[in-house]
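The values are calculated or read from the model by the stated rules, or taken from the named source; none is laboratory data. Note that the structure is predicted; figures quoted are calculated from it, not measured. Neighbour counts run over all protein chains shown; Cβ positions are idealised from the backbone, glycine included. Side chains are part of the model used for accessible areas, which takes the heavy atoms of the whole protein and leaves out ligands, DNA and RNA. Shrake-Rupley method; radii C 1.70, N 1.55, O 1.52, S 1.80 Å.
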Amino acid sequence: MVSTILDSYRRRIDYMRISVTDRCDLRCSYCTASRFENLSHDDILRYEEIERVVRAAAELGVKGIRLTGGEPLVRPHLDALVRIISDIPGIEDISLTTNATHLAKYASALKTAGLKRVNISLDTFKPERFQRICGRNALGQTLDGISAAQEAGLYPVKTNTVVMRGVNDDEIADFAQKSLSDGWHVRYIEEMPLTGPENTREMVSIAEIKAVIENAFGSLEPCGPAAGLGPAKYYRLKGASGTVGFIAPMTHAFCEDCNRLRLTADGKLRLCLLRDDEVDLRSAIRRGADLAELKDLLLKAAQLKKERYDLAGKASGLERQMWQIGG
Ligand code: SAM
């Protein structure tokens with residue numbers, strides 16, 4: 001029987017983000033500090049272990065699953081995991097966050113397996129800048145991945161752009177233009193200072209980004225999301241078939257609407273992106289916990305969710321960085 005996860009602030013938890021690997025083929029400056037060590041093969045949850053967590057979560061009313069990483073498409077046979085999850089009763093929506101460097105190869109198989117939609121990280125349209133931000137130039141592959149996702153019928157394809165002052169803030173209008181010319185659903189994200197004290201760039205706020213777009217194209221009209229229940233606020237430019245979305249973790253905390261739990265690649269249930277509290281599900285699974293025990297752990301974990309994230313205290317000092325959490 002399906003029941004519900006309510007945390008102690010009466011927020012309903014119906015969404016889980018699952019990191020399938022901490023490995024990534026890019027090294028984006030805002031995500032990865034210079035020194036890091038990857039998990040070993042045995043540390044990472046196997047697909048059948050992820051399945052057990054999702055089965056327990058689905059029985060507690062979780063309906064949406066997002067696969068992320070690291071870069072989820074560097075893990076072999078991701079379509080097999082999508083198929084496993086899409087067969088679990090109660091799961092209505094499976095989505096993927098990816099840098100799309102491998103998406104052209106896999107988009108069609110993922111769609112067939114049950115993937116509904118993708119969010120694709122893209123911070124620039126300039127090859128040499130891509131190289132500087134992400135450690136290598138994969139712009140062509142990412143753009144091919146976006147086209148392949150659209151052709152495969154993964155809908156909507158949303159892009160995520162972390163806006164960085166003095167790095168790519170001169171491309172804000174170029175992204176918004178894509179909502180007009182190509183029907184893209186573009187989203188801008190405020191940069192969170194998570195890579196340590198060397199990242200002292202002044203963040204570009206959503207208010208600033210909006211002003212640049214309105215200056216270039218006229219007013220943004222509020223609209224609903226093309227899909228999804230995340231924290232983005234959506235708008236449309238006059239005459240655009242695509243949308244413009246904003247995610248403001250720095251200037252507009254969205255904790256009151258938090259509906260999610262995160263599972264790290266090594267099987268820790270993380271209660272908040274910006275807090276280090278975690279519950280170890282992998283140990284429970286590997287000592288043979290049954291579905292009832294896993295459900296009990298999920299329910300208890302949800303009670304540990306705090307009311308708000310601790311940006312001031314934690315943003316520069318998280319024990320895990322985004323590539324290890326699954327952003
Ligand atoms: N490799 C995949 C990708 O590139 O989409 C999935 C993982 S990546 C950590 C997920 C998202 O986290 C990306 O959209 C990225 O823009 C966002 N992200 C990572 N570090 C961030 C930061 N410091 N501030 C804001 N967003 C960040």
| said: Need a quick list: strands (runs of 3 or more DSSP E) entirely within the range 214-327 having at least 3 residues that are within 13 Å of the ligand (Cβ to nearest atom). | reply: 243-247
| Subset tally (residues that are open to solvent by less than 60 Å² (accessible area, probe 1.4 Å) and either within 12 Å of the ligand (Cβ to nearest atom) or more than 18 Å from the chain's Cα centre (by Cα) (or both)) for the range 147-178 | 20
| message | Regarding the range 239-261, can at least one residue be identified that is out of contact with any Asp or Glu (no Cβ under 9 Å at 6 or more places or on another chain), at pLDDT below 95 and of a type in the set (Phe, Trp, Tyr)? | response | yes
| query | Within the set of pairs 6 or more residues apart or between chains, which connect a residue that is over 30 Å from residue 141 (Cα atoms) and more than 16 Å from the ligand (Cβ to nearest atom) inside the range 58-80 to a residue that is part of a helix (DSSP H, G or I) and open to solvent by less than 10 Å² (accessible area, probe 1.4 Å) with Cβ atoms less than 6 Å apart? | reply | 60/298
| message | Among (1) in contact with a Leu (Cβ under 6 Å, 6 or more places away or on another chain); (2) within 26 Å of residue 38 (Cα to Cα), there is one condition residue 304 misses while meeting the rest; what is its number? | response | (2)
| Of all residues in the range 105-134, which are assigned to a loop (DSSP other than H, G, I, E, B) and farther than 19 Å from residue 326 by Cβ? | 114, 124, 125, 126
| With respect to residue 193, is the statement that it is within 30 Å of residue 106 (Cβ to Cβ), touching a Phe, Trp or Tyr at 6+ places or on another chain (Cβ under 9 Å) and in a loop (DSSP other than H, G, I, E, B) true? | no
| remark: Result of the Cβ filter at 9 Å on the range 87-108, keeping first residues that are over 27 Å from residue 14 (Cβ atoms) and partners that are within 16 Å of the ligand (Cβ to nearest atom) and assigned to a loop (DSSP other than H, G, I, E, B), at least 6 apart or interchain, is 101/25; 101/26; 101/71; 101/138; 102/25; 102/71
| query | Checking residue 17 against (1) part of a strand (DSSP E or B); (2) open to solvent by 40 Å² or more (accessible area, probe 1.4 Å), which single condition isn't satisfied? | reply | (2)
